[in-house]
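Structure first, then comments.
The values are calculated or read from the model by the stated rules, or taken from the named source; none is laboratory data. Keep in mind the model is a prediction, meaning the values are calculated, not measured. Don't worry about glycine lacking a Cβ; one is built from the backbone with ideal geometry, like all the others, and counts go over all protein chains shown. Quick note on the areas: whole protein, heavy atoms, side chains included, nothing else; ligands and nucleic acids left out. Shrake-Rupley method; radii C 1.70, N 1.55, O 1.52, S 1.80 Å.
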Amino acid sequence: MSLTTPAFSRLVSALKQCNKTATVVESCCGGLIQSSIMAQPGSSAVFWGGTVSYNTRKAKPILLNDSSLHSALTEPLEAGNAESEEGLYVRSKLEHTKRVATAYCQQMGTDYAIAESGASGPTFRPRGLDKGFAAIAVAKRDAQSGEVSVVKQDVIRSPHNDRQSNMRMFADAAAKLAFDAVQEDFGGESIADIDAARQGDGAAYHFDRATKLRTDAEKLSMVAKDAKYVVLRGGQSLFGDGWELKLMRYDEVQSLCNATGAEVRTTFLGI
């Protein structure tokens with residue numbers, strides 16, 4: 001099983017390009033959502049951490065020590081007319097993930113929160129349930145009001161009860177649902193278009209240290225002319241307008257050095 005997948009590459013890239021942050025609360029995925037995020041280069045810029053809430057009876061301390069969140073997990077819902085045990089169980093997970101995603105987004109101060117809960121198999125508690133499922137909710141903080149609400153929710157149903165395969169399936173589904181939430185947050189624009197627009201308006205940059213490139217002279221020479229440069233002299237940095245570092249093009253750096261007679265030394269910061 002791969003530690004991460006393309007679905008998480010898209011999610012982390014989207015969060016980085018849109019300057020958004022996320023937290024995660026998961027259950028039957030067992031930390032796979034979080035490890036799949038963290039396996040992506042540069043994820044520390046957008047992922048603030050999360051938790052795994054697995055043992056229903058013991059989960060209160062890791063559910064913000066919130067009695068209402070814990071009771072939503074432990075106290076059964078009232079069954080509807082002709083509602084099966086399976087249907088009631090799935091509905092309880094939908095309610096739980098909705099409340100947990102909202103609470104964690106509020107308490108962590110992130111832009112998004114992903115909550116997952118369900119059953120991976122191979123055995124199941126309620127009668128009628130013989131295949132894996134996961135309820136997933138994505139909560140979002142409104143940039144203007146600061147209010148948090150659930151913007152995406154879905155039930156993912158597996159055709160089988162293979163535990164590890166289901167964990168991977170549900171984790172990827174969570175990444176896709178969160179990506180859709182980020183994409184829709186920007187009016188359906190493509191993430192690439194958002195990134196291109198931000199590069200020209202002085203938006204904050206997130207660096208991936210990309211340490212694997214530091215010793216590859218050939219690759220570094222290939223990116224040198226397209227890179228952005230931070231200019232340092234002694235303990236001083238060159239700033240642009242306000243208090244933002246001035247990011248210069250290769251030709252601008254060369255012109256500055258030619259004009260001042262400065263010796264050029266470069267170091268790779270990241271991408």
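Here is how the numbers come out for the structure above:
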item: Strands (runs of 3 or more DSSP E) within region 73-172 that include 2 or more residues within 16 Å of the chain's Cα centre (by Cα) and crowded, with 21+ Cβ neighbours inside 10 Å; result: 112-119, 133-141
item: Any hit, region 6-24, residues being among the hydrophobic types (A, V, I, L, M, F, W, C) and either farther than 21 Å from Gln183 by Cβ or open to solvent by 20 Å² or more (accessible area, probe 1.4 Å) (or both); result: no
item: Matching entry among Lys228, Lys246 (being modelled with pLDDT of 80 or more and open to solvent by 70 Å² or more (accessible area, probe 1.4 Å)); result: Lys228
item: Asp111 being farther than 30 Å from Lys16 by Cβ and in contact (Cβ under 8 Å) with a residue 24 or more places away in the chain; result: no
item: Residue in region 38-66 that is nearest to Thr4 (Cα to Cα), counting only those that are without any contact (Cβ under 8 Å) to a residue 60 or more places away in the chain, open to solvent by less than 70 Å² (accessible area, probe 1.4 Å) and assigned to a helix (DSSP H, G or I); result: Ser43
